[in-house]
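The values are calculated or read from the model by the stated rules, or taken from the named source; none is laboratory data. Everything quoted here is computed from the prediction, not taken from an experiment. Cβ coordinates were reconstructed from backbone atoms using ideal geometry, including for glycine residues, and neighbour counts include every protein chain displayed. Only protein heavy atoms, including side chains, enter the accessible area calculation; ligands, DNA and RNA are left aside. Shrake-Rupley method; radii C 1.70, N 1.55, O 1.52, S 1.80 Å.
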Amino acid sequence: MNNSTVQALRKLLAQRSARHDDGRFVIEGPVSTAEAVAAGWNCLMQFVPEGSGVRIEGAGPVQELADGVFERVGSTKNPQAPLTVCEMPTASSADVLRDASFVVVLDQLNDPGNLGTILRSAEAAGADAVVLTPGSVDVYNPKVVRASASAIFHVPVVTATLEQVADAGLTLAGTTSHAFPGRSVVAHTAADLTGRVAIVMGNEAAGLPDEWNDEVGPIGLWLTIPHRGRTESLNVAMATTVLVFEVARQRT
């Protein structure tokens, strides 16, 4: 295996720009690789330790890495083979949003672990898509791919602005844990979430902008999860999970 190939693999694991310039990313481990293949994703090549004998059918040709190189290339302390290079899907956000009736929108989300968890919850609750606004964490970050537990291969993820989501005819349901002037806030269980709806979650630290209310900003419906304990707010992934399963409950 030549050094340039190893360097290219490292860049795909480490650099967002390299992934998106090439339109490729890396999946780690046999379970995730097999899930990607089963879901119809185009896997191009799989890298394994020399002599390991690991091979996932349908995941592309096998390239062996010399002793010790595989462990140094992987993004975790003890990476699982194979490291599989896969093509990013090319579906447009406009097409995905046009056909969707239930989406999750993540506005400026930063943490890869949160995104991975939200993908799992969104897929489990039957969401049609997950939308990331520009500037959010990269969905193809290796930490996101691992944390999604293969949900990334089963729910479309696109990038779009809140305005583009609203223009697609979806009602933007924003979330808030506090009362703000001018916001008509309803409990998530009291709101009608059976129509074409986009659950909008804000940044981990800042949430959605304080200045947005019923008259200002793109949000058409404000939701809150009532609290009984002293905690002021839930972790964004936890709150998203509660909300998406309420949407799912109302649609059964």
All-pairs Cα distance distribution in the stretch 121-248, expressed in whole percent, bin size 5 Å:
2, 9, 20, 24, 22, 14, 7, 2, 0
Calculated from DSSP helices alone, with each H run of at least 4 adding -39500 (n - 2.57) and the total divided by the residues of the chain, [θ]222 nm to the nearest 500 comes to -9000 deg cm²/dmol
Pop out the carbon and sulfur fraction of the accessible area of the stretch 1-68 as a percent, whole number, probe 1.4 Å.
46
Sorted by accessible surface (1.4 Å probe, heavy atoms of the protein chains only), largest first, M45, M238, M201 come out as M238, M45, M201
For D214, what accessible area in Å² do you get when you roll a 1.4 Å probe over the heavy atoms of the protein chains, rounding to the nearest 10?
70
Any idea what % of Cα-Cα pairs in the stretch 19-159 are farther than 28 Å?
18
In the chain, helical segments from DSSP H whose Cα atoms cover 18 Å or more along their own axis and that average at least 1.0 on the Kyte-Doolittle scale are 236-250
Taking springs between alpha-carbon atoms closer than 10 angstrom, which of T133, T194, T175 fluctuates most in the Gaussian network model of the chain?
T194
Taking K and R as +1 and D and E as -1, what net charge do the other residues with C-beta under 13 Å from the C-beta of A187 add up to?
-1
Using alpha carbons only, how many angstrom separate the centre of the stretch 68-120 from the centre of the stretch 201-221?
25
Considering only protein heavy atoms, what per residue accessible area in square angstrom results for the chain with a 1.4 angstrom probe?
47
Solvent-accessible area, 1.4 Å probe, carbon plus sulfur percent, for the stretch 182-252:
52
